[in-house]
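Undergrad: After the structure tokens below, expect a handful of questions from me.
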Amino acid sequence: MEDCLFCNIAAGKIPSDIVYEDDRILCFRDIHPQAPVHVLVIPRVHIASVADITEENCEIVAHIFACIPEIVRILGLTEGFRIISNCGADACQSVQHLHFHILGGRQLKDHMG
Ligand code: DGP
């Protein structure tokens, strides 16, 4: 989608600090990190949010999760990490392109707030 920020990052039209990429997904550092390590994993294809995952497009989600062990190895997150996907207004989703936050590098709070 032309006016989607993460589609433009995935297309290389907007620069990002890339950690991992392949033909289907991209992982880059969050511009406003909430932890010492904070990256976003996105599909290159536009899906607006978790609420838009279907039987037809869900294979990309499996691929993202299949790549996460390699991504956290690259990031050196040997002590653990958290994965979050905000969906919709109540969850404060600010970019309407499916993304999974990976947070780590410090002791994270034991609540989901
Ligand atoms: P969410 O609020 O869950 O929709 O997360 C969107 C995240 O995207 C937020 O943590 C900040 C990050 N972000 C927004 N704009 C940019 C950008 O231009 N570059 C990068 N690297 N991250 C961005």
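The values are calculated or read from the model by the stated rules, or taken from the named source; none is laboratory data. Computed from a prediction, not measured in an experiment: that's the story for all the values here. Glycine gets a Cβ as well: all are built from the backbone with ideal geometry, and neighbour counts include every protein chain shown.
Undergrad: Quick one: in the stretch 6-19, which of the residues that are under 13 Å from the mean Cα position of the chain (by Cα) and in a helix (DSSP H, G or I) is nearest to the ligand (Cβ to nearest atom)?
TA: I9
Undergrad: Among (1) within 11 Å of the ligand (Cβ to nearest atom); (2) surrounded by fewer than 16 Cβ atoms within 10 Å (Cβ to Cβ), there is one condition L26 misses while meeting the rest; what is its number?
TA: (2)
Undergrad: Looking at the stretch 48-61, can you tell me whether even one residue there is within 13 Å of the ligand (Cβ to nearest atom) and buried (at least 17 other Cβ atoms within 10 Å of the Cβ)?
TA: yes
Undergrad: Would it be correct to say that V41 is at pLDDT 95 or above and buried (at least 17 other Cβ atoms within 10 Å of the Cβ)?
TA: Taking the combined requirement at face value, the residue satisfies it.
Undergrad: Turning to a different aspect of this structure: Hey, among the residues in the stretch 31-47 that are touching a residue at least 60 places away in the same chain (Cβ under 8 Å), within 11 Å of the ligand (Cβ to nearest atom) and not in a loop (DSSP other than H, G, I, E, B), which one's nearest to the chain's Cα centre (by Cα)?
TA: My answer is L40.
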